[in-house]
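These notes concern the structure reproduced below.
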């Protein structure tokens, strides 16, 4: 099972990722764009394509769209505490690739 420490380590292992505050949350960004947020008393939020979001939500009860506008744009809650590190790493990579510049995704391969 994964912890906040695991999420932070995995997110920061992705190319050019930085950690920065986002209101009362911690955000992980690449090229200035948020792909993950982490806050107390809530699941992690990952920014996914709408297609990835739909597929993951349909297949896994630990993954749900954020309610409202942001959820319709791909923002997705993930209960990462119930996931193995390898599974979480794959989801973070998918979120990272959804906002990373093409020059980075070409070098590091597809999500």
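For the range 1-25, the set of residues classified as within 12 Å of the chain's Cα centre (by Cα), free of Cβ contacts under 8 Å to residues at least 60 places away in the same chain and surrounded by 13 or more Cβ atoms within 10 Å (Cβ to Cβ) consists of 8 only. Restricting 64, 37, 76 to residues that are in a strand (DSSP E or B), free of Cβ contacts under 8 Å to residues at least 40 places away in the same chain, more than 9 Å from the chain's Cα centre (by Cα) and on the phi < 0 side of the Ramachandran plot narrows the list to 64. Condition first: surrounded by 13 or more Cβ atoms within 10 Å (Cβ to Cβ), in a strand (DSSP E or B) and in contact (Cβ under 8 Å) with a residue 40 or more places away in the chain. Can you find one or more residues in the range 91-109 that meet it? Scanning the range 91-109 turns up no residue that is surrounded by 13 or more Cβ atoms within 10 Å (Cβ to Cβ), in a strand (DSSP E or B) and in contact (Cβ under 8 Å) with a residue 40 or more places away in the chain.
Pairing residues of the range 41-61 that are assigned to a helix (DSSP H, G or I) with residues that are crowded, with 23+ Cβ neighbours inside 10 Å, at Cβ distances under 6 Å and at least 6 apart in sequence or on separate chains, gives 53/76.
Values quoted throughout were computed directly from the atomic coordinates according to the rules given, and no laboratory measurement underlies them. The shown structure was predicted, so the numbers you read here are calculated from the model rather than taken from an experiment. Please note: Cβ atoms are built from the backbone with ideal geometry, for glycine as well, and neighbour counts cover all protein chains shown.
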